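Input: a single structure, listed below in structure tokens.
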Amino acid sequence: MFLIGDLMEKKVLIVDDGERVVQSIAGVLEDEGFQVAKARSGEEAIKVFQQGEPDITLLDIWMPGMDGIEVLKRLKWIAPDCQVIMISGHATISTAMTAVKLGAFDFIEKPLSLDVLLMTIHRALDHQKELITVQRSGEIVTEGPFQDKKIFAKEMAGELIGPPLVSIREAIPLTREASKRKGTSLFPQHTLKQSMVLYGTGLHSGKKTGLLLQPLPPRSGILFGNISSDEFVPAHLDYVQTTEFATSLKKGRAIAQTVEHLMAVLHAYRITNLMVKMIEEIPIMDGSALEFCKIVEEAGVEEQEERMDELIIDRRLEIVHKNKSLIIEPAEIFSIHFFLDYPAPIGQQTFDFTLESEEAFRDQIAPARTFGFLKDIEMLERMGMGGGGRLHNFILLDDGKIVNTELRFPDEFVRHKILDLIGDFYLLNRPVRGKVTAHLTGHTENIILLKKIQEATRERER
């Protein structure tokens, strides 16, 4: 936390060839109490930097002559611990990966959100203080918060054009005044401590894709930014497009497919504010949620000052269709009892899980992988789906046996169904306190029950 007096001593260098951009950012930062230096080219930036090393450098990537990546290399050579925040109106995941590998503190996009800009600068200043403290204690630290181990480059993808961070608070209000809500419990909001990059392949599209995870301010919610347009879709029940084989969201041109595994991790780690930039589909990774757990833990979870409310179930709600049923009822904590029954080699499986900690989720649920029967995979391929299925990223079943792998748990199949359910439930935009009992259900039933919960909650809040 920095007071105004502290900020008067903090100097920010703005490097951008756009006069309006420089003046706009400078005005905002000066109003916030920062000293500001300006440069309109890479060459000028290096001269200004050497004349009086700034605390923070805001560096545009795309400039004529010496571009931002080359400037970043030179600044890190001059001062390895300098805090550089990359900015761009045409961000790409591959460019972001290059920048953070070279030591950039973070990567944000134009048009700049004031909240995101100031939050990122304050995080960079906090990191700078930590470096100074460590150095004074006799330890020399020359690497920023991004290191190669924090960028899980599973499969290199092409350039991904990212959407701007604008009007993020207009998407879905994350909180309201607690006094207006009945049956709620407040707890801190959270985001990641730093941006992260992840590459992989979409299960159903078969396309190479990637994720750029970026911290957001309180009350922003979880947003999926579509790489192919300047739009985003909130991770919310109201935007569910389809539940056939996976949960997918859509708003305008923004599409987010197969979101349930990542959403389950965000639910378990109580991440409430995050921008997820992608090419339509979340990468399948190894078919489980383990890689998403790793990237969240590597980034670190930051507690934010504002609070959000937990939805407390106060009465039994259920859906029943033939032999399928899904029930939620009051309880002191979110828990799931799941029963499934599939042909051999799965058979009948039952598992009980209580979401009491991220460690419990990571160890018991996150490793469970997607599974499918060969006949279903063949059908998906005829439908133009399932193109990303590989022998290493899901459990393939045929002729009463497992074809391609060893199970991680004897009951891995039912654990994976719980993983999907935890992810779908986070589309309520806040954690739920209640006991879920599931019998032979899937994404479609999950969403139907969530709509009943949403309707009951809205009635209660009127």
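Each value in this text was obtained by applying a stated rule to the coordinates, not by laboratory testing. As the structure is a prediction and not an experimental result, all values here were calculated from the model. No Cβ is skipped: glycine too gets one built from the backbone with ideal geometry, and neighbour counts run over all protein chains shown.
Here are the numbers:
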read-out: Cβ charges +1 (Lys, Arg) and -1 (Asp, Glu), total dipole of region 312-461, debye; value: 340
read-out: Packing-based ranking, highest mean first, of 97-106, 74-83, 10-19, 351-360 given that Cβ atoms within 10 Å are counted; value: 97-106, 10-19, 74-83, 351-360
read-out: Positive-end extreme of charge dipole, region 312-461 - chosen from Thr350, His321, Leu421 (charges on Cβ); value: His321
read-out: Neighbourhood charge, 10 Å Cβ-Cβ cut-off, centred on Val15 and excluding it, Lys, Arg +1 and Asp, Glu -1; value: -2
read-out: Net +/- balance of residues flanking Ala366 in space, Cβ distance below 13 Å, scoring K and R +1, D and E -1; value: -4
read-out: Residues whose placed amide H lies under 5 Å from that of Glu306, excluding near-sequence neighbours; value: Gln189
